[in-house]
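Asks: Sharing a structure, written as structure tokens. Questions coming.
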Amino acid sequence: MTSSPIVTAVDLHRRFGEGEAAVEALDGVSLELPKGAFTAIMGPSGSGKSTLMHVLAGLDRPTSGSVAIDGVELGGLDDKRLTELRRDKVGFIFQSFNLLPVLNAQENIELPLKIAGRDVDPTWRDQLVETVGLGDRLAHRPSELSGGQQQRVAVARALISKPAVVFADEPTGNLDSTSSAEVLALLRRSVDELGQTVVMVTHDANAAAIADRIVVLADGRIVRDGSANSVDEVHDLMRTVS
């Protein structure tokens, strides 16, 4: 991990609605995410954690404030250039896997590069496939894979383009405990062995405990920012803001 930030957010506000019905989902959030770190974002339901991830990833624009990814300020980009930046700089892992059912595992993994018109680096692809343990399942379509295997395909797909940062939104939410542990171990390895930067939104203390840093939101503001060395510490942390 280095101290150089790959994502920088300054005084983020995100308001939904108008007048008395307005909801301030983010209320002055500032944050730096260094390269090669694993950050977990937690908080009670409605705390703003998913909104924060969407704004940081360029999937939503803040009402005010700024976000930069790998030195590029998102606010100055039009929709086309923002789409290109997300394609080139950002990897996504979702709770629902989001694999294309007509493609096999290898085709799903390589899809971001195909869309971008970039060549597949077979050495890097093979390293990812080995890392996620899917060497014997590459010809299988999603319907022929377990939930854990589908999410491992999604992890490899997120890493194939060597993005500046990977955002994971409740990546273990649809998995059993064994598959969850496997996917979390993969994300941890991607940070430790591949130098990846990972930002994960989760409500799961077991998931958050493997992160280097835990950012806790409540009412759209950061109320805790630090490390937690065990699942029990994460539970204690969350009890203070629930």
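The values are calculated or read from the model by the stated rules, or taken from the named source; none is laboratory data. Remember, it's a predicted structure, so these values are computed and weren't measured experimentally. With ideal geometry, Cβ positions are generated from the backbone for all residues, glycine too; neighbour counts draw on all protein chains shown.
Asks: Report yes if Glu84 is at pLDDT below 90, surrounded by fewer than 15 Cβ atoms within 10 Å (Cβ to Cβ) and not basic (Lys, Arg), otherwise no.
Replies: No: the conditions fail for Glu84.
Asks: Then there's this: Is region 227-238 home to any residue that is surrounded by 15 or more Cβ atoms within 10 Å (Cβ to Cβ), in contact with a Leu (Cβ under 9 Å, 6 or more places away or on another chain) and at negative phi?
Replies: Yes, some residue in region 227-238 is surrounded by 15 or more Cβ atoms within 10 Å (Cβ to Cβ), in contact with a Leu (Cβ under 9 Å, 6 or more places away or on another chain) and at negative phi.
Asks: Can you tell me how many residues in region 184-212 are assigned to a helix (DSSP H, G or I) and either within 20 Å of Leu31 (Cα to Cα) or of a type in the set (Val, Ile, Thr) (or both)? Don't jump to the end; show me each part of the working.
Replies: The first filter runs over region 184-212 and keeps only residues assigned to a helix (DSSP H, G or I), leaving 184-192, 205-208.
Subset that is either within 20 Å of Leu31 (Cα to Cα) or of a type in the set (Val, Ile, Thr) (or both): 191, 208.
Final tally of qualifying residues: 2.
Asks: Leu194 fails exactly one of the following numbered conditions: (1) crowded, with 19+ Cβ neighbours inside 10 Å; (2) out of contact with any Phe, Trp or Tyr (no Cβ under 6 Å at 6 or more places or on another chain); (3) over 22 Å from Asn104 (Cβ atoms). What is the number of that condition?
Replies: (1)
Asks: Has region 143-150 got any residue that is in contact with a Leu (Cβ under 7 Å, 6 or more places away or on another chain), of a type in the set (A, V, I, L, M, F, W, C) and at pLDDT 85 or above?
Replies: So the first thing to find is which residues in region 143-150 are in contact with a Leu (Cβ under 7 Å, 6 or more places away or on another chain), and the list is 147-150.
Going one step further and asking which of them are of a type in the set (A, V, I, L, M, F, W, C), we end up with none.
Looking for residues that are in contact with a Leu (Cβ under 7 Å, 6 or more places away or on another chain), of a type in the set (A, V, I, L, M, F, W, C) and at pLDDT 85 or above, one finds none in region 143-150, hence no.
Asks: Check Ile222 against each of (1) over 13 Å from the mean Cα position of the chain (by Cα); (2) within 25 Å of Leu134 (Cβ to Cβ) and name the one condition it does not meet.
Replies: All conditions are met except number (2).
Asks: Can you say whether Thr39 is polar (S, T, N, Q), under 23 Å from Ile160 (Cβ atoms) and either surrounded by 19 or more Cβ atoms within 10 Å (Cβ to Cβ) or out of contact with any Leu (no Cβ under 7 Å at 6 or more places or on another chain) (or both), as far as the supplied structure shows?
Replies: Numbers: polar (S, T, N, Q): yes; under 23 Å from Ile160 (Cβ atoms): yes; either surrounded by 19 or more Cβ atoms within 10 Å (Cβ to Cβ) or out of contact with any Leu (no Cβ under 7 Å at 6 or more places or on another chain) (or both): yes.
Criteria met by Thr39.
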